[in-house]
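Data block below; observations after.
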Amino acid sequence: MRDLDTLPKAELHLHVEGTLEPELAFDLAARNGVELPFADVRELRAAYDFRDLQSFLDLYYATMAVLRTARDFTDLTLAYLERSVPQGLRHVELFFDPQAHTGRGVAFEDVVDGIGEGLRLGRERWGVTGGLIMCFLRDQPVEDAARTLQAAATRRGSLLGVGLDSAEVGHPPALFADVFAAARAQGLHVVAHAGEEAPPAYVREALDVLGVERVDHGVQAVHDADLLRRLAAEQVPLTVCPLSNVRLRVVDRLEEHPLHRLLAAGVRVTVNSDDPAYFGGYVGDCYRALREAVGLSDAQAAQLARNAVLGSFADQARKAELLAEVEAWVAG
């Protein structure tokens with residue numbers, strides 16, 4: 001079995017705010033004069049025991065309060081890259097949640113510029129490529145998402161696309177049809193979280209109403225044979241997050257994860273870390289955990305890596321480079 005950390009990887013489902021490790025959270029709290037509702041790093045880390053998606057989101061938004069300046073977002077992005085590059089990261093398309101920051105008085109431009117500077121430094125230092133996907137909070141009013149898209153006009157050239165995240169159940173994709181249509185008209189790529197906790201119908205809505213190019217999570221599709229065949233036939237990428245699914249009780253154990261069923265059905269499934277500071281591992285950790293739990297083979301790992309490259313929004317030249325790196329790993 002080959003070393004999975006040397007397998008070149010593209011990560012397509014990564015919330016930059018979800019890379020905030022407790023140590024950095026306390027460092028930024030001290031820098032910005034923010035008081036966290038935890039005594040120390042140990043107490044904060046102990047809080048990472050979640051019942052479901054909502055219990056995670058409650059903590060996620062509370063710790064996010066330490067992010068105040070462009071420098072904070074740069075430091076956050078660099079900390080993620082420093083952890084992930086040794087695990088094989090070569091390309092990343094980062095999600096960020098501007099509404100969670102502008103609502104606290106942080107300037108939209110500071111968020112985008114700060115993360116962008118982190119990505120620029122990451123390419124300069126480690127050769128990692130990537131870009132930004134601006135997510136709308138689906139549990140906030142649609143009108144707020146529309147205003148956020150308008151605000152993004154000042155940094156349109158910094159964005160790869162838009163997405164949809166936060167509490168899924170009760171907030172179907174179709175609510176955001178007009179906002180996504182406007183984003184597509186502006187030439188932005190579109191993706192959306194669907195089928196994590198909510199039923200397969202949400203995946204269908206994301207495809208048919210929002211017109212998404214890939215589905216984030218999508219694991220509930222295994223319960224709908226027709227949808228599964230469609231995903232395979234159309235080669236719609238699913239950005240699956242196995243460790244997240246376990247920590248948020250989507251599945252009880254990694255051994256029960258539907259990843260192998262998705263692969264067997266011919267779906268273009270990819271492996272990602274989602275919110276690695278909270279869910280127990282970065283992208284390489286996810287691959288290693290799958291090997292330990294379900295016997296992920298070298299061939300399967302390579303296919304997952306190819307799927308991520310093909311499902312990315314990198315240009316064709318970069319995709320060719322990354323695919324060549326994967327094949328070099330296979331050849332040994």
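Since every read-out is calculated from the coordinates, none of them should be taken as a lab result. Source: prediction; values computed, not measured. Cβ atoms come from the backbone with ideal geometry, glycine included; neighbour counts cover every protein chain shown.
What is segment 176-332 by shape, rounded, prolate or oblate, if you read a ≥ b ≥ c off the alpha carbon gyration tensor as root eigenvalues and call it rounded for a/c under 1.5, prolate for a/b larger than b/c, and oblate otherwise?
The shape class here is oblate.
Please list the non-local residues whose amide H lies under 5 Å from the amide H of Arg214, H modeled 1.01 Å from N, same-chain partners needing a gap of 5 or more.
Ala192
Residue by residue through segment 65-79, which ³J(HN,Hα) values in whole Hz follow from phi under the Karplus form 6.51 cos²θ - 1.76 cosθ + 1.60 (θ = phi - 60°), with glycine and proline marked x?
Result, ordered by residue: 4, 6, 7, 10, 10, 4, 4, 4, 6, 5, 4, 4, 5, 5, 4 Hz.
How large are Rg and Dmax for segment 229-318 when only the alpha carbon atoms are used, in Å?
When restricted to Cα atoms, segment 229-318 yields Rg and Dmax of 12.9, 40 Å.
Classify segment 19-160 as rounded, prolate or oblate, taking a ≥ b ≥ c as the square roots of the eigenvalues of its Cα gyration tensor: rounded when a/c is under 1.5, otherwise prolate if a/b is larger than b/c and oblate if not.
oblate
Tell me, what ³J(HN,Hα) does each residue in segment 3-18 have, in order and in whole Hz, if you take phi through Karplus 6.51 cos²θ - 1.76 cosθ + 1.60 with θ = phi - 60° and put x for Gly and Pro?
Result, rounded to whole Hz: 6, 5, 5, 8, 6, x, 10, 10, 10, 10, 9, 8, 8, 4, 5, x.
Given 10 Å bins starting at zero, what is the percent of C-alpha pairs of segment 146-207 in each, up to the one with the largest pair distance?
With a bin width of 10 Å, the distribution comes to 22, 51, 24, 3.
Could you work out the relative contact order of segment 136-286, using alpha carbon pairs under 8 angstrom and six or more residues apart, expressed as a whole percent?
Relative CO of segment 136-286 lands at 16 percent.
Between the alpha-carbon centers of segment 128-192 and segment 1-63, tell me the distance in whole angstrom.
Centre-to-centre (Cα) distance: 23 Å.
Modelled label-to-label distance, Arg2 and Ala62, 7 Å Cα→beta-carbon offset: nm?
The two pseudo-label positions are separated by 4.3 nm.
Working only with C-alpha atoms, what are the Rg and Dmax values of the chain, expressed in angstrom?
Rg then Dmax for the chain, in Å: 18.5, 53.
For the chain, what is the calculated [θ] at 222 nm in deg cm²/dmol (nearest 500), taking -39500 (n - 2.57) for each run of four or more DSSP H residues and dividing by its residue count?
Value at 222 nm, helices only, nearest 500: -14500 deg cm²/dmol.
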